[in-house]
There are 2 protein chains.
Amino acid sequence: MPGGNCQRQEWWHGKFRCCGYRLTLGREAILDILSKSEGHLSAEDVYMKVHPKYPNVGLTTIYRTLNVLSNLGIVCKLDFGDGRSRYELAEGTEDTHHHHHLVCTNCNKVIDYTDFIDEELELLRKTEKGLGAKYNFKITNHIIQFYGLCDKCSGKE
Amino acid sequence: MPGGNCQRQEWWHGKFRCCGYRLTLGREAILDILSKSEGHLSAEDVYMKVHPKYPNVGLTTIYRTLNVLSNLGIVCKLDFGDGRSRYELAEGTEDTHHHHHLVCTNCNKVIDYTDFIDEELELLRKTEKGLGAKYNFKITNHIIQFYGLCDKCSGKE
DNA sequence: TTATTAATGGAAACCATTTTCATTAAGGAG
DNA sequence: CTCCTTAATGAAAATGGTTTCCATTAATAA
């Protein structure tokens, strides 16, 4: 598992290569943005961040690249119920700490939390192993999300 | 918590009433279909099932009703990454057993599983309580999903 | 350097979902 | 039971995130 920026690039490089993908400027730009931003970016968010530095990278490429990255397991595609997909670097991509989400169903605010991670990891490991074997499923990722009303929204009613 | 069909209807009736919603034929039809079907229905799935018996219930009403039911916590809105939302009766709506999903990112096949539920429930109870207090979040629902490649799709590579 | 073919961008297409608006009907008041 | 208020509805149109098309560009292997 890579550590620094250089090694990380090498890693992506390798992942791309061995799957027959070409490493282009646009893709590197997108990976760069993702690794520098805190999660939950929509395709358009990524576009807005990439555009100033690389004005010739179109939104279509953002979508295509995010799909590729998602298929490779490098980014995780999320849905918070606001009609657009969100993307963040998947765990295992160094400096990404294991976390999950608390989503307000009213204002769509999202809180990352890292509590109970140890117990959670224990259960997840067991579950992944058990389910993987039972259903012959090759598990690559998981999502845990809690839904409810946030501080402000629960007060309003 | 209601048991039979009659009591269940009473329960919905009450939930609707106390929130100022009117109980219409269309809404009852939709609830009826949801309670008779195994989960993971898209809005259009519901429409197709409701239509033969109630041809004058439009797709718009299906969407509107599913939203209302989702807000009331009667149904749970899910996303399996295939571009359309899925709905199923939320837990706590009797005969709905606590379960989660195993989603194939290649063919979108979904497997329900109920393994490790006891340990999971323990963790969830703790997490909900802890997070609820810490962030002053009123948690009403949660989702746990594992992603990966199913039996068939992992063999293909 | 050249040839092959994946990658790209811009425009158009797609399609699930939402909005609009005129009409209908649920449910409380009398 | 009837009337009245207003939520609910359906059909059509609008919306908007995402994908597809296609001609052009550029990354990689030979």
Worksheet item: Just one of A:HIS101, A:HIS97 is more than 9 Å from chain B (Cβ to nearest Cβ) and open to solvent by 30 Å² or more (accessible area, probe 1.4 Å); which is it?
Response: A:HIS97
Worksheet item: What number of residues within the range A:145-157 are out of contact with any Ser or Thr (no Cβ under 8 Å at 6 or more places or on another chain) and facing chain B (nearest Cβ under 7 Å)?
Response: 4
Worksheet item: Hey, among the residues in the range B:106-144 that are of a type in the set (S, T, N, Q) and facing chain A (nearest Cβ under 7 Å), which one's surrounded by the fewest Cβ atoms within 10 Å (Cβ to Cβ)?
Response: B:ASN136
Item to complete: Please report, ordered by residue number, the strands (runs of 3 or more DSSP E) entirely within the range A:35-111 with at least 1 residues that are assigned by TED's automatic domain parsing to the domain that holds A:GLN7 and touching a Gly at 6+ places or on another chain (Cβ under 9 Å).
Response: A:75-79, A:85-89
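Yes/no per residue for (1) within 20 Å of A:ASN141 (Cβ to Cβ); (2) in contact with a Leu (Cβ under 9 Å, 6 or more places away or on another chain):
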position: A:ASP32; (1), (2): no, no
position: A:GLU44; (1), (2): no, yes
position: A:VAL68; (1), (2): yes, no
position: A:VAL75; (1), (2): yes, yes
position: A:LEU78; (1), (2): yes, no
position: A:LEU102; (1), (2): yes, yes
position: A:THR105; (1), (2): no, yes
position: A:ILE111; (1), (2): no, yes
Worksheet item: Among the residues of the range A:6-14, is any free of Cβ contacts under 8 Å to residues at least 12 places away in the same chain and under 22 Å from A:HIS99 (Cβ atoms)?
Response: yes
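Residue by residue, here is whether (1) in contact with a Phe, Trp or Tyr (Cβ under 7 Å, 6 or more places away or on another chain); (2) open to solvent by less than 70 Å² (accessible area, probe 1.4 Å); (3) more than 12 Å from DNA strand D (Cβ to nearest atom) holds:
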site	(1), (2), (3)
B:GLY20	no, yes, no
B:ILE30	no, yes, no
B:SER42	no, yes, yes
B:HIS51	no, yes, no
B:ARG64	no, no, no
B:ASN67	no, no, no
Discussion item. I need every pair where a residue in the range A:117-133 that is aliphatic (A, V, I, L, M) has its Cβ under 6 Å from the Cβ of a residue that is in a helix (DSSP H, G or I), sequence separation at least 6 or different chains.
Written reply: A:LEU123/B:GLU119; A:LEU123/B:LEU123
Practice prompt. Please find, within the range A:57-92, the residue that is nearest to DNA strand C (Cβ to nearest atom) out of those that are within 21 Å of A:ARG8 (Cβ to Cβ) and in contact (Cβ under 8 Å) with a residue 60 or more places away in the chain.
Written response: A:ILE74
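The values are calculated or read from the model by the stated rules, or taken from the named source; none is laboratory data. From a predicted model like this one, the values you see are computed outputs, not experimental measurements. Methodologically, a virtual Cβ is constructed for each residue, glycine included, from the backbone with ideal geometry; neighbour enumeration extends over all protein chains shown. When the accessible area is computed, the model is the full protein with side chains, heavy atoms only, and any ligands, DNA or RNA have been set aside. Shrake-Rupley method; radii C 1.70, N 1.55, O 1.52, S 1.80 Å.
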